[in-house]
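Bear in mind these aren't lab numbers, they're just calculated from the coordinates by the rules spelled out. Predicted model, so just to flag it, every value in this text is computed and none were measured. In this analysis, Cβ positions are derived from the backbone assuming ideal geometry, glycine residues included, and neighbour counts consider all displayed protein chains.
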Amino acid sequence: MTTAALFVLVVMFMVVVLMLMIVIMAAAFLIMVVMVMVVLVSTAALILVIFTALAFALMEVAVVVVDNDCA
């Protein structure tokens with residue numbers, strides 16, 4: 001009886017450890033996904049900012065060229 005109880009305790013302990021490992025792995029996966037999403041969003045925002053800055057610079061250059069042509 002004691003050996004059977006010990007065996008049951010060991011099995012339950014192993015199941016709990018396995019469930020904890022699964023939970024930890026799921027949490028790590030979720031954190032990885034969130035970090036990747038944050039990186040993608042930040043890079044997209046950076047690209048948008050760079051493109052808007054380039055567009056404004058091109059507009060300024062075009063305005064200067066047009067002013068010179070008119071003058």
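Pairing the Cα long axis of helix 2-70 with the longest principal axis of the chain, what angle in degrees results, from 0 to 90 and rounded to the nearest 10?
0
Between A53 and L30, what is the spin-label point distance in nm, taking each point 7 Å from the Cα along the Cα→C-beta axis?
Result for the modelled spin labels: 3.7 nm.
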